[in-house]
Amino acid sequence: MNDTLLSSGVPYYEDPRYWSGELTWRPGHTRAPYCDFAGNRIKVEYVVSYLRPQGKVLDAACAMGFVTRRLRAAGVDAWGVDISKFALENAPADVKPYLKEGSLLSIPFPAQHFDLVVCFGALEHFTEHELKKVVGEVQRVARRGVVAITCRGDPGAVEDPHHVT
């Protein structure tokens, strides 16, 4: 993963400025703080209406758990995993018990533990070499399938220096 160290000596995803929007692009081509973006509703509607989970769902690279939270509110047994302690510590209190710290390079769950894995806006943070491992890991923990969406088609996404692939 692009663990770019900032002048503070920490990975960008642990720096509050990354999450506040000071260091990166956000949807709508703004430097808005990370939040429960409107697009999360559409993602959750797709998962619930079209994929119809038959068991647990993993929100891989869940950040502050907003998609996980929405899935749980929709009746899905959703769980999240993210590498950022900062993001997990700043998740809404009601979803924190369902979030776990961990990297997509080595997902901390057993094989086929989830019916589905969803991964929204994370793969672009990994090098091409790392992507093979990440794809293998999400496949390993999923029984039925994986849905991954990247922001490659959005022209503003190239502005984020942490998008390496």
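Computed from the coordinates by the stated procedures, all read-outs in this text should not be read as laboratory data. Only a predicted model underlies this, so the values are computations on that prediction, with no experimental measurement involved. As a convention, Cβ positions derive from the backbone with ideal geometry for all residues, glycine included, and neighbour counts pool all protein chains shown.
The stretch 118-144 and the stretch 87-116 have Cα centres separated by 14 Å.
Toward the positive end of the charge dipole of the stretch 34-112, with +1 on the Cβ of Lys and Arg and -1 on the Cβ of Asp and Glu, the farthest Cα among 76, 95, 37 is that of 76. Remark: spin-label model distance residue 51-residue 146 equals 1.2 nm, labels positioned 7 Å along the Cα→Cβ axis. The alpha-carbon atoms of the stretch 95-136 define a convex hull whose volume equals 96 cubic angstrom per residue. Close amide H partners of residue 147, meaning residues 5 or more places away or on another chain with modelled amide H under 5 Å apart, are 117, 118, 119. Charge tally around residue 55: other residues with Cβ under 12 Å, Lys/Arg +1 each, Asp/Glu -1 each, net +2. In a fully extended conformation the segment linking residue 17 and residue 139 would gain 40.7 nm over its present Cα-Cα distance, using 0.36 nm per residue.
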